[in-house]
Amino acid sequence: MMRARTGAGLGLWLAPVLLAATILIGTAVGETPLTLSTVFRTLANHFWQADYPVDAIDAGIVWSYRFPRAIVAACCGAGLALTGVVLQALLRNPLADPYLMGLSAGASTGAVLVAVAGVGGGAVSMSMGALTGALLAFGCVVALAHAASGAAGGGRATQAAAAMILAGIAGSQMFNALTAFTIARSANAEQARGIMFWMMGNLSGIRWEDVAPCAAVSLAGGALCLWHRRGLDAFTFGTHGAASLGINVPVLRGSLIAATAIMVGVLVSKVGAIGFVGLVVPHAMRFLVGARHDRLVPASALAGAVFLVAADVISRILVAGQVLPIGVVTALVGAPAFALVLLRGART
Amino acid sequence: MKNTLIAGILLAAAALPLHAQDTDYPLNLVNCGVDLTFAAPPESAVTIGQAATEILYALGLAPKVSGTAAWFTPVLPEYAEVDARIERLADNDPGFESVVAKKPGLVAAQYEWHVGPTGSVGTRGMFHDLGIPTYVLPADCDTKDNRTGGDGTRTGAFQPAAIYKGIRELAAIFDVGPAGERLVKELQATESAAIGKAAALDLPEGLSAVFWFSSPEVESDPYVAGRLGAPGYMMSKLGIENVIASDEEWPTVGWESIARSDPDIIVVAYMDRRRYPADDVDRKLDFLRTDPVASRMTAVRNGRIVQMDAHAMSATMRSIRGLAALSDALSRMTFE
């Protein structure tokens, strides 16, 4: 008990330090070399009006490009990890993540329709297309799951969870097919390349105006998860068990899934469909801090944030002179890590 | 004055009647690594790619064009009338069967990724099996490897000689050699005049530029011209250094790198296509003027931004006009 408290206390201190250090590294590393001194001076000038002399373009790169990019990467990592925590708890399925719910597939379809098919005639951005697609896909999946569980006799908790997963798979397949159809129909080499980058995640266009929506949904999502930590714990025993513990199952499930949809929709619209974070991070954290959501929620949020900032840094330095889609890195790093967690979990 | 005189002489020479050889059939040529034989001039043609279409129009062969596809911008104004009478099979990739259904005597393509080893419309073999010869503009395969990079990778610098070769070969295939030679001379005269005009400006040493085609999102990494494509040719001819060192046709390079290289001139593409927000030249200009980093670049601060037809930035007949447009723009700039 004492050790756990000490560990929690240490984590309380370590977490913000680790996050700040990661964001600082994310700001210092980029396409072009900048000294740490330039980074510190620029940040000091903005935060404390220190008035250090810094080259205007270098200062702009640090403050306007890299720093907001690192913050948004952290917010997205935290947010996507939280969606994995929520979906895995609610659906009692270890494979549940935004991909399974069709949200990422819907977002991709929306973005591709804008970029390739020219929906919106240039007035609608790929981000807006992605947001609309994600929410539409979510609506389709929920409606299908609701109809399926109703048709199957309705109300049975396990049936409802299974129906949701199957509806998610169906929705994902349908939206992936729509994306593939649109690309095959009219994309040229330039568009296919742009879309590939977008579909696998790309933070290159991130600016300060993207920070507020990403931070808002991640913080609100984290707060909501913490608020409902006992409810999420209760879902471990199934919906009947949760109901017997006094949880209003339909309301809690509905509100958390809606929050998940909004989080994924907003985050994916900003950075593209980055996979693996929602799946891997909650598993890794469950292994490290246990299944109780009072620890799992903050630990997953922090780990997701650090993971995605680190992945973004790696995506910039892995191949000299070329930026890789961040989804490539999350999968390359995440898949072996996930396998390791699985193997260690099986042994213990 | 001297350069104007030279340009005048060249233009006058271009206007003289030419006596290019009539084609002796059978005509044998090697096109992008494929052996072709023509027993007689084709009765009709389908073009896939705007550059191929416009060359045939410029050669006076519009009556033989039974269908066109893959358009990027509106046709050149001088061909608007003839183009209006020709069926457009598709704005982008046409279906293989829609091309074959026209029973063309030739399929003339601009890009190998439309008609080539892995052509999205069809491979050359697929057309040849049906007795339909295909011709790909040499600008897309001479000194270019289309197996690598999103839009291919140049193995050597693009030169307008590839354009002239395409014009001459198409003219020979259709037995309109004099028309081909006249068109080549006109383009060569425009090229020489543009180069002469820029040389007379006594531009400062080490002048640098970047060509911005478009971007998936306005703020994201833009597609910019590599050093060996048509923009690279324009820059080398006018004594300008490309800040982008890549051999790819249109590499994706971050604003961070572009801003650090701080070009003296920025050339932005205008086009009618509206698939990406940055297709709109006004959105590009707005970004350059408001982005906290891009707005600090020398080119932006000094208003040295040139707008250019997007199609001129590809290796096409329009590249020569692009060269002239850039030369004109340079003559209106000041460099301290």
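The values are calculated or read from the model by the stated rules, or taken from the named source; none is laboratory data. Note that the structure is predicted; figures quoted are calculated from it, not measured. Positions of Cβ are backbone-derived with ideal geometry, glycine not excepted, and every protein chain shown enters the neighbour counts. Note: accessible area is taken over every heavy atom of the protein model, side chains too, but ligands, DNA and RNA are not part of it. Shrake-Rupley method; radii C 1.70, N 1.55, O 1.52, S 1.80 Å.
Tell me the carbon and sulfur percent of the accessible area for the protein assembly as shown, rounded to whole percent, probe radius 1.4 Å. Before the final figure, lay out each step's value.
Working: 17860 of 28840 Å².
After summing per-atom areas, the C and S share lands at 62 percent.
Tell me the per residue accessible area of chain A using a 1.4 Å probe; a whole number in Å² is fine. Don't skip to the end; give the middle numbers.
Values: 15310 Å² over 348 residues.
Per residue, chain A has an accessible area of 44 Å².
Using only Cα positions of region B:2-191, each an equal point scatterer, no hydration layer, compute I(q)/I(0) via Debye at q = 0.08, 0.09, 0.17 Å⁻¹ and quote the log10 values to two decimals.
Those come out to -0.26, -0.33, -1.15, one per q.
Determine the dipole magnitude for region B:203-331: charges of +1 sit on the beta-carbon of Lys and Arg, -1 on that of Asp and Glu, nothing else is charged, the reference point is the Cα centre, and the result goes in debye to the nearest 20. Let's see the in-between values first.
Numbers: 14 positive and 19 negative charges, 58 e Å.
In total the dipole reaches around 280 debye.
May I ask which of B:LYS102/B:LYS185; B:LYS144/B:LYS197; B:LYS102/B:LYS144; B:LYS165/B:LYS185; B:LYS165/B:LYS197; B:LYS64/B:LYS102 have a Cα-Cα span longer than 22 Å here?
Numbers: B:LYS102/B:LYS185 33 Å; B:LYS144/B:LYS197 30 Å; B:LYS102/B:LYS144 30 Å; B:LYS165/B:LYS185 12 Å; B:LYS165/B:LYS197 25 Å; B:LYS64/B:LYS102 12 Å.
Violating the 22 Å Cα-Cα cut-off are B:LYS102/B:LYS185; B:LYS144/B:LYS197; B:LYS102/B:LYS144; B:LYS165/B:LYS197.
Can you tell me the dipole magnitude for chain A around its Cα centre, using point charges on the Cβ only (Lys, Arg +1; Asp, Glu -1), in Debye to the nearest 20? Spell out each step's value before the answer.
On the way: 20 positive and 11 negative charges, 216 e Å.
Here the size comes out at about 1040 debye.
For the interface of chains A and B, what total accessible area is buried with a 1.4 Å probe, rounded to the nearest 100 Å²? Intermediate results must be reported in sequence, preceding the final value.
Numbers: alone 16800 and 14980 Å², together 28840 Å².
Buried surface at the A/B interface: approximately 2900 Å².
State the answer as a single residue: which of B:HIS128, B:ALA108, B:PHE158 lies farthest towards the positive end of the charge dipole of region B:2-191, with beta carbon charges of +1 for Lys and Arg and -1 for Asp and Glu, about the Cα centre.
Positive-most Cα among the choices belongs to B:PHE158.
Once you have a ≥ b ≥ c as the square roots of the Cα gyration tensor eigenvalues for chain A, tell me rounded if a/c is under 1.5, and otherwise prolate or oblate according to whether a/b is larger than b/c. Don't jump to the answer; show the numbers that get you there.
Working: a/c = 2.01, a/b = 1.22, b/c = 1.64.
Judged from the Cα gyration tensor, chain A comes out oblate (a/c at least 1.5, b/c at or above a/b).
Suppose only helical runs count, i.e. DSSP H with n ≥ 4. What mean residue ellipticity at 222 nm does that imply for chain B under -39500 (n - 2.57) per run, divided by all residues and rounded to the nearest 500 deg cm²/dmol? Before the final figure, lay out the partial values.
Details: 12 runs with 119 residues, N = 336.
Value at 222 nm, helices only, nearest 500: -10500 deg cm²/dmol.
For the protein assembly as shown, which cysteines have no disulfide-compatible partner, meaning no other cysteine Cβ under 4.7 Å?
If one checks each Cβ against the other cysteines of the protein assembly as shown, A:CYS76, A:CYS140, A:CYS225 turn up with nothing under 4.7 Å.
Give the accessible surface of region B:203-331 per residue, rounded to a whole number of Å², with probe radius 1.4 Å and ligands, DNA and RNA excluded.
Working: 3880 Å² over 129 residues.
On a per-residue basis, 30 Å².
Of the beta bridges DSSP finds with both residues in the protein assembly as shown, what % are antiparallel, to the nearest 5? Before the final figure, lay out each step's value.
Values: 12 of 37 bridges.
So the antiparallel bridges in the protein assembly as shown amount to around 30 percent.
Hey, got the dipole for the protein assembly as shown? About the Cα centre, +1 on K and R Cβ, -1 on D and E Cβ, debye to the nearest 20?
Working: 50 positive and 55 negative charges, 598 e Å.
Roughly 2880 debye for the protein assembly as shown.
How many percent of DSSP beta bridges within chain B run antiparallel, rounded to 5? Working shown, then result.
Values: 11 of 36 bridges.
The antiparallel fraction comes to roughly 30 percent.
Starting from the Cα gyration tensor of region B:203-331, take the square roots of the eigenvalues, sort them a ≥ b ≥ c, and report rounded, prolate or oblate (rounded when a/c is under 1.5, otherwise prolate if a/b is larger than b/c, else oblate). Numbers along the way, then the final one.
Numbers: a/c = 1.39, a/b = 1.13, b/c = 1.23.
Rounded shape, in that the Cα axes give a/c under 1.5.
Using a cut-off of 13 Å between beta-carbons, work out the net charge of the residues near B:THR23 (Lys and Arg +1, Asp and Glu -1, B:THR23 not included).
Values: positive: B:ARG168; negative: B:ASP22, B:ASP24, B:GLU169, B:ASP175, B:GLU181.
Here the charged neighbours net out to -4.
Relative to the compact globular guide of 2.2 N^0.38 Å, what is the alpha carbon radius of gyration of the protein assembly as shown, as a ratio? Can you show the working numbers first?
Numbers: Rg = 29.3 Å, N = 684, 2.2 N^0.38 = 26.3 Å.
So the protein assembly as shown has a normalised radius of gyration of 1.12.
Output wanted: per-residue J couplings in Hz (rounded whole) for region B:67-77, from phi through Karplus 6.51 cos²θ - 1.76 cosθ + 1.60, θ = phi - 60°, x for Gly and Pro.
Along region B:67-77, the couplings run x, 9, 7, 6, 9, 10, 9, x, 4, 4, x Hz.
Check which residues have an amide H placed less than 5 Å from B:SER208's amide H, if you skip close sequence neighbours.
B:GLU241, B:ASP264, B:ILE265
Using +1 at the C-beta of Lys and Arg and -1 at the C-beta of Asp and Glu, which of B:GLY232, B:ALA329, B:SER257 has the Cα lying farthest in the positive direction of the dipole of region B:203-331?
Of the listed residues, the answer is B:ALA329.
Take the Cα coordinates of chain B, assign each an equal point scatterer, and use the Debye formula without solvent to give log10 I(q)/I(0) at q = 0.16 Å⁻¹.
Result of the Debye calculation: -1.40.
Considering Cα pairs under 8 angstrom that are at least six residues apart, work out the relative contact order of chain B and quote it in whole percent.
Details: 640 pairs, mean separation 55.4, N = 336.
Reported as a whole number, the value is 16 percent.
Put B:HIS128, B:HIS311, A:HIS46, A:HIS283 in order of accessible area, largest first, 1.4 Å probe: what do you get?
Details: B:HIS128 60, B:HIS311 5, A:HIS46 80, A:HIS283 30 Å².
From most exposed to least exposed: A:HIS46, B:HIS128, A:HIS283, B:HIS311.
Is the shape of region A:255-315 rounded, prolate or oblate, going by the alpha carbon gyration tensor and its root eigenvalues a ≥ b ≥ c, with a/c under 1.5 for rounded and a/b larger than b/c for prolate?
Note, shape of region A:255-315 comes out oblate.
At 27 angstrom or more along the helix axis (alpha-carbon based) and mean Kyte-Doolittle of -0.5 or higher, what helices does chain B contain? Whole DSSP H runs only. Write down the numbers at each step before the final one.
Values: long enough: B:177-199 (33 Å, -0.15).
The answer, listed by residue number, is B:177-199.
Taking 40 Å² as the minimum loss, tell me which residues in region B:281-321 lose that much accessible area going from the chain by itself to the full protein complex (1.4 Å probe).
With the partner chains in place, region B:281-321 has these residues losing at least 40 Å²: B:VAL293, B:ARG296.
Give the long-range amide H neighbours of B:THR153: residues separated by 5 or more places, or on another chain, with amide H under 5 Å away, using H modelled in the peptide plane at 1.01 Å from N.
Under 5 Å from the amide H of B:THR153: B:ASP145, B:ASN146, B:ARG147, B:THR148.
Can you find, among A:ALA56, A:ILE23, B:PHE96, the residue farthest towards the positive end of the dipole of the protein assembly as shown? Put +1 on the C-beta of Lys and Arg, -1 on that of Asp and Glu.
Value: A:ILE23.
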